[in-house]
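The values are calculated or read from the model by the stated rules, or taken from the named source; none is laboratory data. Keep in mind the model is a prediction, meaning the values are calculated, not measured. Cβ placement follows ideal geometry from the backbone for every residue including glycine, while neighbour counts extend to all protein chains displayed. We work out accessible area using only protein heavy atoms, side chains counted, and drop any ligands, DNA or RNA first. Shrake-Rupley method; radii C 1.70, N 1.55, O 1.52, S 1.80 Å.
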Amino acid sequence: KNGVTSDARRKLLRRLLSVKNTVRLLEAHNGLTGLIVEKTKIGKNNQFDGMWLSSLTHSTSKGKPDIQYVDVTTISQTLNEIFDVTTKPMIVDADNGGLTEHFKFMVRSLERLGVSAVIIEDKIGSKRNSLFGVERQQTQDTIENFCEKITAGKNSQVTSDFMIIARIESLILKKGQEDAMKRALAYIHAGADAIMIHSKEKSGEEIVTFLKEFRKIDNCTPVVVVP
């Protein structure tokens with residue numbers, strides 16, 4: 001039998017992070033792409049460790065713009081389709097998580113389904129894809145407000161397995177390394193189980209610089225990087 005229960009699936013990401021230096025995820029937004037993640041081999045013996053439901057590709061696959069239009073009910077339906085044919089852990093991209101009051105219920109819903117983690121970004125207002133950078137008007141949330149959202153989400157979850165990942169948009173919005181670091185440390189203090197640092201620069205140097213400085217201060221919090 002190749003199935004997996006929701007409880008067992010939810011635990012997998014933390015277990016992987018405890019035994020591997022690098023965990024590799026691939027985006028999936030329906031049953032077919034879930035099967036691609038499940039079956040694909042990287043080289044002779046390696047494979048992807050888990051899945052990432054991206055709001056961009058999920059919205060696009062439904063013919064919708066990437067403006068946080070797809071609701072939690074639709075996300076849940078998609079997750080059920082993917083979970084029917086896969087066994088690997090899942091991280092869900094929830095844009096900015098919506099209002100704090102709504103985010104608490106989202107955490108409960110995703111946790112109950114067997115999702116391992118939700119990732120939310122520290123932006124407010126109308127959703128604009130980060131790849132636009134400063135070409136489109138994008139507003140970053142205050143540290144205090146975003147910390148409150150993280151803490152509210154952590155307090156609402158039922159199990160210790162579920163993770164909340166805080167995505168930092170400081171480099172995307174050209175606010176610099178110091179702002180990114182300040183936010184990273186604040187978000188972790190507020191309860192974030194991991195952080196994601198994002199950059200539009202193709203060289204990757206911004207990310208490497210941040211990681212080197214971050215690891216001087218914190219050598220254990222997982223960091224998510226999207227190529």
Q | Relative contact order of the chain, pairs being alpha-carbon contacts under 8 Å that are 6 or more residues apart, as % | A | 17 percent
Q: For Val19 and Ile143, compute 0.36 nm times the residue count separating them, minus their Cα-Cα distance, and round to one decimal in nm.
A: 41.5 nm
Q. Dipole size in debye (nearest 20) for region 131-227 around its Cα centre, Lys and Arg Cβ +1, Asp and Glu Cβ -1?
A. 120 debye
Q | Volume per residue of the C-alpha convex hull in the chain, rounded to whole Å³ | A | 128 Å³
Q) Given 0.36 nm per residue, what is the gain on full extension from Asp84 to Val208 after removing their alpha carbon distance, in nm? A) 40.9 nm
(Q) Restricted to Cα positions, what overall size does region 1-113 have along the principal axes? Three whole-Å values, descending. (A) 42, 29, 28
Q: Express the carbon and sulfur contribution to the solvent-accessible surface of region 131-227 as a percent, rounded to the nearest whole number, probe 1.4 angstrom.
A: 53 percent
Q. Taking a threshold of 19 Å on the Cα-Cα distance, which of the pairs Lys182/Lys216; Lys104/Lys154; Lys123/Lys175; Lys20/Lys154 fall above it?
A. Lys20/Lys154
